[in-house]
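Below: the structure, in structure tokens.
Derivation of every value follows stated rules applied to the coordinates shown; laboratory data play no part. The shown structure was predicted, so the numbers you read here are calculated from the model rather than taken from an experiment. When we count neighbours, we look across all protein chains shown, and the Cβ atoms used for this are built from the backbone with ideal geometry, even at glycine.
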Amino acid sequence: MARVAMSKPEHQNAAEGSKTLEHQRNADRNRIMVVEDDHRNMRLLHDLLNVHGYEILQASDGLEAINLARDGQPDLILMDIRLPHLSGFDATLLLKQDDQTKAIPVIAVTAFATPWNETMARESGCAAFITKPLNVANLLNTIRSLLSPSPPTIGSLQ
């Protein structure tokens, strides 16, 4: 087998290109990562999303979420805010700073519905903020809106 030597930038570009192609091939898969430390809430979200045809990845703390997001490349993340080891805010900040995960939309999910928490969620990079107890219709509509391809903007039409 012949090996082709590539400089580091070429190798990185090739790797990023293959990840983009892989993500496009899996565009219909709708993989959602649920980050939740309460096993009852995790089960509820898992069952709800599974019934609606989503593939589910599960993490129970912020550190696990970061590693699983890099490896599993979910299409969307439901992130609890209060987590052991690393808060949902901090985990989201780290995900948004990582080239492998920065494009993944994150929905903050919390029982602590305060203006401060909503502001912190947005500042950490969350695309949406949903409170518990969950309004199922609101959750599913928010997920669908973030997973659906956005229409082209006027500047992108030629």
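Here are the numbers for this structure:
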item: Relative packing of 139-147, 97-105, 59-67, which averages over residues the other C-beta atoms within 10 Å, highest first; result: 59-67, 139-147, 97-105
item: Distance in nm between pseudo-label sites at LEU140 and ARG43 (7 Å out along the Cβ direction from Cα); result: 2.2 nm
